[in-house]
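Single-structure report; data block below.
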Amino acid sequence: MLLPMNPKLTILFLAIIIVSCTNHKRKNQDKAVYNVSFENCRTTIDLKLSDLVDSIKLVRLETTPESLIANSPGIILTRDNIIVIDMNGVYKFTPEGRFVRKIIKFGRGPEELSPVIDYYFYERRNLLFIADRIQNKDRFQIYDIEEEEFLEPVMKCFPGTWGDFLVYNDSLIMGSMEPIRVDTNRYAMFIQNFKGELVTGMTNSRKVLDAVLNKETVQRLLFCQGEKDIFAYYVYDDTLFRFSNNNLSPYLIVSYNSQRNYMRSMGYEIGESRVGYPSVDNSSFILLNESIYEGQSQSQEDGWIKHNYDRYYYFLNKSDRSFSRIKSYTDNITGKMHECNGKELNFPTVLPGNKICVLYNPYELSNDNSKENLSTLSDLSIQLQKIQEGLNPMDNPVLLIGSIKRKILTD
């Protein structure tokens, strides 16, 4: 005879089953392998900012004579601050946008860096790893964001200019050399410790032809930081790999109807296409682009040679594994729609931790054209009204920070 079960125990039992199934589904999704084709993609979507994010916060970055931010800065969201990096230095703001101070200056003085830097934020210890491309190319400068001081630098196992790097397993640095530079280094990527000692390296037989020097060099790996995993891709290849135990396994494969020649020539052959992968992965979607080389042009004013590409953007929705070409992208804040017709797409920046950020110049927020589009973005209308009060066109940018939706629904 079956005994009646306690209703509370029944609810708890069902909850455990639901959570277990959900976790199992997410685990399987995390380990999924995606296979897509640009050539065979027949679906197009009109994408909106509101399709991607919720829990939106608008932050007005305080404007002072010491905190004037140049165009196109980099943004880092730490546990307690907003860090902004532009061509003049590194600035520290509170989460509410109040300016704290300029923590790193660019110049030639003591503890100053050149304006040409690569960086990686190591969130666990609140450290900024900086590779100066002009000065001290044999080391990483380490800056403690909380204490606002430089720590002892970490020497590079291979001095020179690195194409990419990140902190791996808390005590190691994963890196690769500059992708478009002929040298004798045989590693596609390598791992060193904080003492500057090489731990391991991954050799590579894939070559790339420098069309200018007419010499071959090793194809380097660049990295894509995920929620839990690290991903990597060869500069002129069509597969995004998951890195684990010093091995690469396919994560996303871009297939073509005809055979591809991976002995590339730096993208300088007209009609040649390259796949662009994101630098940060998230749990909900992958934004890809295909760049097709259209030749070069020379500026009449300064004589600079410009390499021209047509860029087409594709959206892989991890929720239902659908793959679509982006026809247009609309920013609900400004109401501005971008037609994806071969020009570079001004898409939000994806940050670690399933975050998205967008920087708006004050003049972009000074009109009311977008109010009718904000109904799906919670209390954003109220936030925007407060931001607009006393906003000067010459003020610092306004920062949007949003959480990426776990499940993305598009038309």
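Rounded to the nearest 0.05, the FRET efficiency derived from the C-beta distance between Glu39 and His307 at R0 = 25 Å is 0.60. Between amide H atoms placed 1.01 Å from N, distances below 5 Å from Lys405 occur with Val53, Asp54, all of them 5 or more places distant or on a separate chain. How many nm separate the modelled label positions at Lys343 and Ser297, each set 7 Å beyond the Cα in the direction of the Cβ? According to this spin-label approximation, the distance is 1.2 nm.
Put simply, when 315-321, 234-240, 357-363 are sorted by average Cβ atoms within 10 angstrom per residue, most first, you get 234-240, 357-363, 315-321.
Dividing the summed -39500 (n - 2.57) terms of all DSSP H runs of n ≥ 4 by the residue count of the chain sets its mean residue ellipticity at 222 nm at -3000 deg cm²/dmol. Working from Cα pairs under 8 Å separated by at least six residues, relative contact order for the chain is 17 percent. Model label points for Asp54 and Glu178, set 7 angstrom from Cα along the Cα-to-Cβ axis, are 4.6 nm apart. Amide H contacts under 5 Å for Ala188: Met202, Thr203, Asn204, restricted to partners 5 or more places along the chain or on a different chain, H placed in the peptide plane at 1.01 Å from N. If you look at the Cα atoms of the range 179-261, you get an Rg and a Dmax of 14.2, 47 Å. Expressed as a whole percent, the proportion of Cα-Cα pairs in the range 87-205 lying more than 25 Å apart is 26%. Note that the range 120-129 has calculated 3J(HN,Hα) couplings of 9, 9, 8, 5, 4, 10, 6, 10, 9, 8 Hz, one per residue in order, obtained from phi through the Karplus relation 6.51 cos²θ - 1.76 cosθ + 1.60 (θ = phi - 60°); glycine and proline are x. Shape class of the range 220-361 from the alpha-carbon gyration tensor: oblate, with a/c at 1.5 or above and b/c at least as large as a/b.
Extension gain for Asn169-Glu147 works out to 5.6 nm (0.36 nm per residue, less the C-alpha to C-alpha distance).
Rounded to the nearest 20, the Cβ-based charge dipole of the chain about its Cα centre (Lys and Arg +1, Asp and Glu -1) stands at 1340 debye. If you average the C-alpha positions of the range 95-125 and of the range 282-353 separately, how far apart do those two centres end up, in angstrom? Taking the Cα centre of the range 282-353 as reference, the centre of the range 95-125 is 28 Å away. Judged by the mean number of other Cβ atoms found within 10 Å, the most tightly packed of the peptides 222-229, 61-68 leads the ranking 222-229, 61-68. When each of the peptides 342-349, 283-290 is scored by how many other beta carbons lie within 10 Å of its residues on average, the order from highest to lowest is 283-290, 342-349.
Pairs of lysines in the range 34-107 whose Cα atoms sit within less than 23 Å of one another amount to 4, provided the residues are eight or more positions apart or on different chains. Entry for the range 274-327 at q = 0.20, 0.24, 0.28, 0.30 Å⁻¹: log10 I(q)/I(0) = -0.75, -0.91, -1.06, -1.13, Debye formula applied to identical alpha-carbon scatterers, no solvent contribution. Along its first, second and third principal axes, ordered by size, the range 216-255 spans 34, 23, 15 Å in Cα coordinates. Calculated FRET efficiency, Glu389 to Thr64, Cβ-Cβ distance, R0 = 22 Å: about 0.75 to the nearest 0.05. Using amide H atoms built in the peptide plane, which far-off residues or other-chain residues are under 5 Å from Gln219 H to H? Counting only residues 5 or more places away or on other chains, the set is Arg206, Lys207, Val208. With a cut-off of 14 Å on the backbone N, the residues of the range 221-263 near the modelled label site 7 Å out from Arg124 along Cα-Cβ are 228-230.
The string of couplings for the range 62-73 from the Karplus curve (6.51, -1.76, 1.60, θ = phi - 60°) is 4, 9, 9, x, 8, 10, 6, 9, 6, 5, 6, x Hz, one whole number per residue in order, with x for Gly and Pro. The Kirkwood radius of the chain, taken over pairs of alpha-carbon atoms, gives through the Stokes-Einstein law at 10 °C and 1.306 mPa s a diffusion coefficient of 67 µm² s⁻¹.
Return one quarter of the surface area of the convex hull spanned by the alpha-carbon atoms of the range 43-85, equal to its mean projected area, in nm². It is 5.2 nm². Could you name the aspartates and glutamates in cross-link range of Lys318, using Cα to Cα under 13 Å and dropping any fewer than eight places away on the same chain? Qualifying aspartates and glutamates at Cα under 13 Å: Asp30, Asp281. Of all aspartates and glutamates in the structure, those lying under 18 Å Cα to Cα from Lys156, and not within fewer than 8 positions of it along the same chain, are Asp118, Asp132, Asp138, Asp164, Asp170, Glu178, Asp183, Glu197.
Just so you know, all these numbers are worked out from the coordinates, no wet-lab data involved. The structure presented is a predicted model; accordingly, all values stated were derived computationally and were not measured. Because the Cβ atoms are built from the backbone with ideal geometry, glycine has one as well, and the counts that use them run over all protein chains shown.
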